[in-house]
Structure formats: structure tokens, C-alpha cells
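Asker: Please see the structure below; I have some questions.
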Amino acid sequence: MSIEFKVEGMSCQHCVAAVTRAIQEQDAGAQVQVDLSAGKVAVQSGASVDTLKAAIDDAGYTVVGVDGN
């Protein structure tokens, strides 16, 4: 499943690593692409949207939108 999250609060490579790690703790095989300038996180994962959103939130960032298929 491909999901794109609009995320607030990301500003540096530490943020990229933290979000990526949080998602991959839920799905070790997840592919994560972070676009800092756009505030977007694209994820290919078998985990549910709610699970991934919670992982991003728990990492200290705010999901403000979700676009998934």
C-alpha cells in the first residue's frame, strides 16, 4: 500500500531519521521517502494507515493529512 502523509515539525536530517525509524519499527520492510521542504512522508508498507500515523505522532511529529490508495 502506498500512503503519503503531510507532516508538520520536520526540519532536519535527524527528523528524517526519526520518522523513518518510527515507521520501520512498525514494518521493517517499509520503504520511506521524506521530503523535508514539502513536509511529506511517502510510505510503501503493509501496515495500516492508523498504525503508521500513530508511529509518526509518537516520534513527536504531527500528521496533518493523509493521502493513500
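Asker: Helix-only estimate, please: 222 nm mean residue ellipticity of the chain, summing -39500 (n - 2.57) across DSSP H runs of length 4 or more and dividing by its residues, to the nearest 500.
Answerer: -11000 deg cm²/dmol
Asker: Summarise the long-distance tail of P(r) for the chain by giving the % of C-alpha pairs beyond 21 Å.
Answerer: 8
Only the coordinates and a few stated rules stand behind these numbers; no lab work does. Predicted model only: the values in this text are computed from it and were never measured.
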